[in-house]
Every structure is written in structure tokens, then in C-alpha cells.
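Right, one structure below, let's go through it.
None of the figures in this text is laboratory data; all of them are computed from the coordinates on show. What you see is a predicted model, and the numbers here were worked out from it, not measured in a lab. Using ideal geometry, Cβ is built from the backbone for each residue, glycine included, and neighbour counts are taken over all protein chains shown.
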Amino acid sequence: MDISLKWLSKYVDISEYSPKELADKITVCGVEVEDIKYLAQGSNLIIGEVLECSSHPDSDHLHVTKVNIGSDILQIVCGAPNVAKGQKVIVALPNAYLPAKDITIQKGVIRGIESNGMICSLVELGVDKKYLTEEQCNGIEVLSNDAKVGDTNPLGYLGLDDVIFELKPTPNRGDVLSVESFSYELAACINKKVKNVREDIKFDNLVPSSFEVDSKTPSCHLFSIKGVRDVKIKESPKWLKEYLNGCSIRSINNIVDIGNYVMLLTGQPLHMYDADKISSHKFVVRDDFDCDYVALDDTTYHIEKGDIVITHNDNISCIGGIMGGKNSEVSNDTKNVAIEAAIFDSIQVRKTSIRLDLISDSSTRFVRGIDESRNAYALDLAAKLLVELADAKIVEETVTFGNPIVNSKPISLTLNRVNGLLGTNFTMKDVKDVFDRLAFENKLEKDTLIVTPPSYRKDIFDTEDLVEEVIRLKGFDNLVSTYPITSNVGSLTHLQKGRKLIRYFLLSQGIDEAYSYSLIHNDMKDDFLSMSFQKEDDVVLLHPLTEDHKYFRKGLLSSLLKAYNYNYYHENNDVKLFEISNVYTMNSEHELLSILLGGKKLNLEWNEKENQDYNFYHIKGLVTSILEKLGINENRYSLVRIEEDNKDFHIGASCYIKTGNTIWGVIGMVHPNMLKKYDVLNCAVCEIDLRYLLDIKSSMNKFVPLSNLPSTSRDIALVIDENIDSDKIIRTIKKNSNGLVSKAYVFDEYKGEHVGSGKKSLAIHIVYHSDKETLKDSMVNPIHENILLALNKEFGAKLRS
Amino acid sequence: MDINKETMLTEIENAKTLNELNELKIKFLGKKSELAIAMSKTGTLPVEERAAYGAKINVIRKEITSAIDAKQIKLEEEEVHSKLIKEKVDISLPGYNYSQGSKAILNATIDEITDILIGMGYECKEGPEVEQDLYNFEMMNVPKGHPARDMQDTFYITENLLLRSQTSPVQARSMLEANGVAPIKMFCPGKVFRRDDDDATHSHQFTQMEGLVIDKHISMSDLKGTLEVIARKMFGAKREVRFRSSYFPFTEPSVEVDVSCFACGGKNASCSICKGTGWIEILGAGMVHPNVLKMGGFDPSVYQGFAFGMGIERIAMLRYGIDDIRNLYSNDIRVAKQFLKEE
């Protein structure tokens, strides 16, 4: 809301403060002054008269003028096309500063001719072009003949000496949208009294109303019409235009301007109908229409059931509280007007205005709430101005449906409540002083202050609201700094600790943490989904801003692939990323951990030469390390090869992590088609249901006594069918060891010509150990032979010769 | 007996290498050495002379032996030393790289605040990002049609299901979970969503952190003291906080909270962080609205509380001089590598 300081100064004495000081005071108290705007600005200005005007001898567009400024006659070179002898003009004298153009005028010589100032256009003085004609925009301002030569306040003469405060009221402060109500806020901020804000209005000879009013909707409980006849459309007087300009509203004609003036002053939106254009004199407010409608702005809007409309004979003539209609618009030949002042339901106005994307000065006020006690006054004021400024001959009585709801219930405030909530030491005198400043009716009864907030302060319901008034006007400096003493203990939950442990582990392995958008594009949303919940219905936005951010992701891998692509194209082909984030379906919430190792391990030492592509074992190792760190034994889960028709993962080098029938993770290489889709190179990934993982029970660490007895070991190289997974071999070794194999692991794998096609060779290290005695070859040899026999029997394994 | 001890000791002293010394050892103490030969003659002497003769040879032998041992230690030390000298490396070549990952900047900032608040006795609470209108708005004293809903343009999924536009619903859930039993002291970091077009300073997804304390005598002065502690931990010991009146539907009184500028301390009129005002707006806060307490199961005539909230992006951007919020969501490794250091 832009508000005119000149207008405010009519009701509140602000003479002690500069606009900046005033803005600071208001802002500190809670209504933010977002900007201070000057209608026009310039120092060292004076009104002069052009005595002579001739062409510049050395230019095709400049003029040389002699300008009388009363005390002197100045020679000024002027470039404006419209400058002419006899004009009264605004002269910026040497050293004048024009903030709009950021120029300081200096004496000078222009193409050989001395120039002692500048004749100004309004644009150069900073007037917004929206208030100016094309001629005014392109040339110097020509003043009327009544302008006085030598007047050093040309902006005041033009009514351009106003300052506009751009207020940014919080949504609860509808009162700020009225000059009258805001005067009380301003007065309280600077401890002054509001004066003369209401006019006494008396009409000598009101005639009975020619209108009828009715409301058929609960969305309108108060609807008033006042008829005014024989008005004359013309230009508004200067004072009215100035006030409107000071509130950033352009003057149209006297009728429209009066409507805006009364709305700005009282906060009650008015609507002016051309009484001769409406099809009957019966106004009916309804909410049961479903049709198209052309509003004042020439746009067709679709009206739905629930939207408040004002109708005549079943025809809409206004969208209630939002915008009037083309069909009943006041125009240059309007003779008789009907002024509407109504109260429309704020929720419904908000709903309609959002749906139609139509926010007007009127709807803004209805949404924030209107002081209903001003309904009748607003109509009277408008009618009075129509008489004074539009020569109206006949004023009708106001006809009203319903009654204003004015709820100003007294609130009892104790000093305990004030100081208890604030932690302050205010006295009752301090508290009472605040409400006196605010001009809230108040009365001290024993220890209790009975405060009745005025009807325009619709944000005040209860004691805490009054406490806020006290602290905001007394100043927050009155708060001391104390510290709440409670018995709470801060600690992380099991989930938070587990998450932290995993994050720090992955960071320590050189993997960067990603943080991506949760909303993704349709193109990505179905990729890399392997857990059963990921097949549930998508969370889709009803009204997405863009297609890029329409679906809540169900998995994180597509985001990581996208990040890999981004980094790959920014010259990084060693991309290690992990992300932990919540994902959603319409049925469930899951927290996922995903890791991506993209490209080659480039992080070689300066004296290492070989780069290695990330492979299955790189990613598997990260996952198993995490499981080990969490104490999750191998018997708590199994790795299961993914199905052969999987389209997301490399079917030969990917597996699910499974417990019972639940798949809670996937580890693997990305399918070549997906690499192509995301335009990246080789890439190993995993995705794990983090909360499932952290819910798996692990037993507490337990000390096992150390054995001092020596171990003995054997290395074997087995040739087996290449489809046999090594874990089966290890299991068979252990099963046939009489409990004497303490460790057995693969330390090399070979496929190639030396073992024949379809075969592979596994090199296995077997450690024999007993806690009871030192093992001798004579004890180990038979067991070792037994193991080799079992391997041969089960897998056809032969020792590689 | 003709043994020149002094010559032997001189030769030992002059040995240059362990090999030379070893040869001398054989020469002076070996089976064919003069001492051995002399000793072997003992038997040829008269019995009464034998003891003195033997003792004399043994003294010499001991003296030679200890001279060789001492020389051996000395030569070994010299050998090690010269080996080490030969093994000199270029200490300016880089050390091997134990690669380390960087935290996401937003998570790093949350971690930092989490440490502070856990230390102050707060519990870290989490809640769903796909949330019900009930918790996101209604229990926060923002009924349907309330103009405050215009402050936060929200992504809806169904009429009653939305992407949370603030972390406040976690406050509502925590209150219900407490079942009317105070004290509550919690904070809740998390992702939130609003219908804002993405540009340098706006993001449809961003990160908030709110705190809530409820007990019998919690006052606004307690809020101020608490925020001072947090501001000083985060931004330096000299920070002050300033309250400005504001409005949030879920608090009354409500304030915007400024922290004195950590970059210039209010001393630089052209400071890019505080724009020369000396203050930066960092938090919103206030006393929990009685309606919110009531809906959360706490009797507002008995209990009071304060709540505060901050934008993690804003804090990170201010502290690190990041001018485009999209840098926080780009997953650009070049950005990550700049933030290896933990604050």
C-alpha cells in the first residue's frame, strides 16, 4: 500500500520528523515501510519566464533562451522541442541536484554559448511517466500563467512535493490499508494525537431511495446502496488528484476518484454503478451463478458457484468485492450513480480472486477484513463529495440489507500477564500509556486494565495481542536476556546416530555429499526403482510450476545420475556422490541412502600410472563396510542376482540386498541404455532403504579371548565352472573343515586361455587354526584332502596344475 | 713375548669400513693371530710362570676386543647415517592423497546448528515432507481462507495433502506426541517447498530449522537470551540480537530477529552482507500463540512457550558469500571441493 505523507500530515503532526526518521519509527513498531518514494525531487529550483527564445547558431535542435527568474535574467541553452517565448517554466539553477537523473547542474558553455542552468521536464524531476502525457514526457513542463516568477517551490506549486511511504503490512493488519486507521498507528508511533479525521456530514434534503437491496448468500451480510442523481463528470480538483497521486493511484475523473478517495481514507471499498445502465433498481447479491462475465478490464472471467456476484434481473453487474462489470460502468455521459458499500466474506473473496488471478485494491481490503462500522459513513462521505465536486443535485437515503458486525469486546489485562509473557518489569502506568497512545478505550479497575480495541483493529482478540501492542510500542529493548531452565536432555536418536555414522564413513572415503531437488521430471521418475514400495502411486503436484519439478521422487539414483552428467560435462570424470533423503509415494515415506561412483578412479597418487574404471566391487565394498560398521552379520541378509529382464541395471553385475522376502537395497552397475539416457560413462551405484537398514538388530560388541597358538595355512588354485559364485566354494570349505578353518578367502580370480572357456580359476587362501592345540601337518593334511574331495564332488573343482 | 699392542690399536682406530674391521678382528684375535700363537706357547713355559703369562695375554686380548667392539658400533652408526643421507627425498613433492568427501553445504550448516542445540538440551525432531493441511496450517493457527496462506504459496497434492511449506508441522506433531506433558525443548531441521520460481534468491525447495520450548514460565526474555546464545555460537562471541515487531499466525507477540553483522560489526557503510545497516535479518520468532498451544494439547493458562525459525540457505549464503541459491542444489563437485573444511 502506497500512502501519501501529505495526506497523513492533515491528521497527524509529523513536522518534527524527516521522512526517513518517520519511516524508521513506523518500521520498528511493526509496520514495515519498504520504500520511501518522492513524487518529484530537485534542489535549487525556481519558476522563471522565458523572455526570449532563439535557435542556437551552431545546432539544429538547441535553443538559446533568456529566462527571467525575478532576481536575475539568465541565459540558458535548452534542447526541448517545445520551449517558446512567454512560457512559465521550472529552472534548475547552477548547483541544483536532480536525484532522478543523478545530475548536478553546472554553469557551462554549450557549443560556444554560455548556459546558466536548465529548464526542466517533469521526467527530469523524477515524476513517474505513468502520470504524464506523451508531450510532458518529451518536453519541458509548461506551467500555467498563475505561476509566480521567482517562486522557489515549483514542486509545491505543482502539488508534486509529496512523499510516498510504501507500506508492507503483515496480513493481520488490514487497518493499515486505510488512511484513517493508519493515522492512529502513526500517531501512536510518534506519540501524537489524531485530529480532524472524520467530517460532520449532514444532508439537508435527502430523498427516499429509489433502490432495493437483498442478499441471497451468507457470503454477504451487509449491503448498502446510496443513489446520487444528476452528477456531472469532470476533472477532479487539484487536492484530490494530489492525494490520489500520493497513494500511487492515477486520477480518472471526479466520480471514480471520489470512490477511490473514500476507499483509501476509510478502508471501505465502494463501487459506483451507472444507475441508468443497470436493468433494474433491485440489487440482489447471489452466489449461484455459473457463466462467463466481462469485467471492467475488458477480460472475460468464468464465474463459478460460490463466487459472490451482484445481480439485477438475473444479470451479473459486479463480481462482489473484486471488480465491477463493463455493462454498468460509469462513463463520461453518466448522470445518475448508485454507490455500493458492502461487506463480502473474506475467505470467499480470497478464493475467487486467486482462482481468477484478479487482485484489486478492493479484494485486497476484503481479504484482510474491513471495519464494518464505517459502512454508512463511507457512503455519506462519497455522496457529500459528489455534491461538492460533481454538482450532484439529489442525494437519496441509504438503503441497507443486514447490519454491520462490529465486535469490540473489552479485554481484561493484568500486569502479571504482561510481565509474565515478556519477562519484563513494566508498571501499570507503562501499560496504560501504550493504550492511551493507541487511542484504545481503556479503564483501570483495581489491578486490571480493561481495554476495548477499536473496531478497525481486527487483529486484536485476546490478552496476548495486547501484550504485543505493549512491547512493540515500548520497544523490544525492554526485554532482558534470560535463559530457560528446563530438565530436558539433548541427544540424537538411533536413526540420527546411524545416519551420522554412515555420512561420516562415506565422507572419509572421499565421497561427496549431494543435496538435490526432491521434485523431478516425468522422464526420470520411473528409473532405478527396485524396492516394492517404489511401485506405489506417485506423489504428483496438482499445480506444478514447471514440468521439471512435478513428481516427488521415489528414488535418489536418477538425481545422482543427473548430477554425474552435470559434472562430467564440467570436466570431471571421477564423480563420487552420495545422498540421504526422504522419498514419498502416496502410501509411504522412506529414507534412502544412495551412492554413485562414476567414471574412473582418477584420484591416483602422483607416482601411480593406471586409472581403473569403477566396478561392482568398488560399490559392494562400500556397502559391506557400512554393514560391518553397523555390526550387521552376513546371516542377516543375502545378496541375490537381479532378474535378467531388468532395464536399469547391468544384469550381470548387479544384485539386490534382501532379508526374508524384503528387498531393501540394490547394488550394481548401471545398464548401458541408462548410461546412454543420462549421457554418462561407466557407473557403479547402490540404493538402500536406510531406516530398514538401521532397524536391523545387531548384537553388542563382545570380547573374545585371544589365542596364542599358531595357525597354519594353505593356498590352492581351483578351476571351476565360471558361473559358480565364490561364496559357495568358501561355504563348502568351511563346512568340511571340522571347525578348523578359521578363515578362507579368494585372493585372485582368473579367466582366460590357460583354464579353458567357460571356466575360471580361483586362488584361495585357507587358514587352519585350533584354540586347543598347535596343529601339525599330520592333522591338517587329511582335512585339507577332505575339503578338496568335497569341492570336486560338489562343483567338479580341480586343482589347477 | 713380542706383541705390539699399540700398533694393533692404531690399526683398529684407522679401520674405515666394517669389512676392514672384520679382517682386523681375524688378524688380531683369530686362530692364527699373534695373540693366539702366543697363548699356545703357554704350555711350554714353566708352571709357575704360566699364570702370569696367560693373564698378561688376556688383558691385551680384552683391550683389543673392546676396541674392536667400540669401533664396530661407531662404524655401524656411520654406515646407517650415510645410508639415510643417500635416501633423502624431495619433501616438496605432495603426500599421498587420502581422499576426503565434502558435506553438502546445507547439511554442514544443519550439523553445526544441531551440535549447538543438542548441547543446549534440545531434541532433534523430524517429520514428513508430504504433510497434511491440518499440521502444516490449521494446527499452526492458519485456518482455511486465512490471508496468511497467501504468505506461502503452497504445493498441493490433494485438497488436504501438501508439500510442507514450513517445518512448523513438526512442532504440532511434537506437541501432540508430548500429550500435554511439558517441558518440550525441540528443534526440527528439514526440507520445505513453496511455489516460487527458481532464480538467484528464490527456490521452490529450501531448508528450514525451527525450535520450540514449552514450559510453565517461558518468557520472551528467555527467547532473547536463547537466540543470543545461538547467534554467538554461530556467528561469533560479539554478536547482539535485535527484535522487530512482526506477524506470524502461530506466535503472539511475533518478531523478526536481526543479528549484528558478523562481517563488519556495523562498521562498514558499504558492507555487502548487512548493506551498511549493521544488522542482518536471520530469524523469525515469537511466543507460541495460545490457539497453537491449545490445539497441541497444552493449557495456555498454565503453559507458555517460544518458537523460532530460520532459513538454512540464507545463513549459508550470507556466511560463505554465495550469491545464487542454485549453487546449493547443483551438486557441482567444484563447489564441494571448496567446502572440504568443516566450520
Can you sort A:Trp7, A:Trp664 from fewest to most other Cβ atoms within 10 Å of each residue's own Cβ?
A:Trp7, A:Trp664
Could you rank the peptides A:72-81, B:180-189 by their average count of other C-beta atoms within 10 Å per residue, with the highest value first?
B:180-189, A:72-81
Tell me which DSSP H helices of chain B clear both cut-offs, 18 Å or more of axial length from alpha-carbon atoms and a mean Kyte-Doolittle hydropathy of at least -1.0.
B:47-86, B:105-119, B:220-235
Can you give the net charge of the other residues whose Cβ lies under 14 Å from the Cβ of A:Asp371, counting K and R as +1 and D and E as -1?
+2
For the stretch A:411-477, the Cα gyration tensor yields equivalent-ellipsoid semi-axes (√(5λ), largest first, whole Å) of 16, 14, 11
Most positive-pole-ward Cα, A:Val142, A:Cys29, B:Ile3, against dipole of the protein assembly as shown from beta carbon charges:
B:Ile3
How many nm is it between the label spots at A:Lys751 and A:Asp361, if each spot is 7 Å from the Cα in line with the beta carbon?
8.0
In percent, what relative contact order does the stretch B:1-86 have, based on Cα pairs under 8 Å that are 6 or more apart in sequence?
36
For a label point 7 Å from the Cα of A:Asn196 along Cα→C-beta, name the residues of the stretch A:1-43 whose backbone N is under 13 Å from it.
A:7-14
Which of the cysteines in chain B are isolated, no other cysteine C-beta under 4.7 Å?
B:Cys124, B:Cys188
In Å, what Rg and Dmax follow from the Cα atoms of the protein assembly as shown?
44.4, 170
Pick out, from B:Leu21, B:Leu45, B:Ile68, the residue whose Cα sits farthest towards the positive end of the charge dipole of the stretch B:5-86, with +1 on the Cβ of Lys and Arg and -1 on the Cβ of Asp and Glu.
B:Leu45
Excluding same-chain residues fewer than 8 positions from A:Lys88, which lysines have a Cα within less than 24 Å of its Cα?
A:Lys66, A:Lys101, A:Lys107, A:Lys129, A:Lys130, A:Lys148, A:Lys238, A:Lys241
For B:Cys261, net neighbour charge (Lys/Arg +1, Asp/Glu -1) across residues whose Cβ lies under 13 Å away:
+3
Checking the cross-link filter: which aspartates and glutamates have an alpha carbon closer than 12 Å to that of B:Lys216, excluding same-chain neighbours under 8 positions apart?
B:Asp299
Quick one: which of A:Lys195/A:Lys232; A:Lys702/B:Lys125; A:Lys562/B:Lys341; A:Lys550/B:Lys191; A:Lys647/A:Lys743; A:Lys409/A:Lys474 span more than 28 angstrom between C-alpha atoms?
A:Lys195/A:Lys232; A:Lys702/B:Lys125; A:Lys647/A:Lys743
Pairwise over distinct Cα atoms, reciprocal of the mean inverse distance: report the Kirkwood radius of chain B in Å, one decimal place.
26.6
Fully extended contour minus Cα-Cα distance, from A:Ile110 to A:Ile485, at 0.36 nm per residue
127.4 nm
Which residues' amide hydrogens lie under 5 Å from the amide hydrogen of A:Val285, considering only partners 5 or more residues apart or on another chain, with H built in the peptide plane?
A:Asp214, A:Ser215, A:Lys216, A:Thr311
Could you list which residues have their amide H under 5 Å from that of A:Lys576, counting only those 5 or more apart in sequence or on another chain, with H placed in the peptide plane?
A:Asp512, A:Gly598
Where nothing but the Cβ of Lys and Arg (+1) and of Asp and Glu (-1) is charged, how large is the charge dipole of the stretch B:104-246 around its Cα centre, in debye to the nearest 20?
600
Arrange the peptides B:235-243, A:685-693, B:312-320 so that the one whose residues have, on average, the most other Cβ atoms within 10 Å appears first.
A:685-693, B:312-320, B:235-243
Computed about the Cα centre, the charge dipole of the protein assembly as shown from +1 Lys/Arg and -1 Asp/Glu charges at the Cβ has a magnitude in debye, to the nearest 20, of 3880
For A:165-171, what's the mean count of beta carbons from other chains sitting within 10 Å of each residue's beta carbon?
3
If each K or R counts +1 and each D or E counts -1, the residues other than A:Ile255 whose Cβ falls under 12 Å of its Cβ total -3
Under 18 Å between alpha carbons, and skipping anything fewer than 8 positions from A:Lys384 in its own chain: which aspartates and glutamates qualify?
A:Glu180, A:Glu199, A:Asp200, A:Asp204, A:Asp230, A:Glu235, A:Asp257, A:Asp274, A:Glu340, A:Glu396, A:Glu397
Farthest toward positive dipole pole in the protein assembly as shown [+1 Lys/Arg, -1 Asp/Glu at C-beta], among A:Gly70, B:Gly284, A:Val83:
B:Gly284
With only Lys, Arg, Asp and Glu charged, each at its Cβ (+1 for the first two, -1 for the last two), find how big the charge dipole of the stretch A:683-788 is about the Cα centre; round to the nearest 20 debye.
400
Would you mind checking which residues have amide H under 5 Å from A:Ser713's amide H? H placed 1.01 Å from N; only 5 or more apart, or other chain.
A:Tyr768
Simple spin-label estimate for B:Lys294/B:Ile322, 7 Å along Cα→Cβ, in nm, reads 4.2
When you look at the Cβ of every residue in B:120-126, what mean number of other chain Cβ atoms sits within 10 Å?
5
Residue-averaged [θ]222 nm for chain A, counting only DSSP H segments that reach four residues, each worth -39500 (n - 2.57):
-7500 deg cm²/dmol
Go from 0 up to the bin containing the longest alpha carbon distance in the stretch A:332-448, width 10 Å each, and give me the % of pairs per bin.
10, 25, 23, 23, 14, 5, 1
Relative contact order %, the stretch A:591-705, counting alpha carbon pairs below 8 Å whose residues are six or more apart:
33
Provide a whole-number value for the mean count of partner chain Cβ atoms within 10 Å of the Cβ atoms in peptide A:462-474.
4
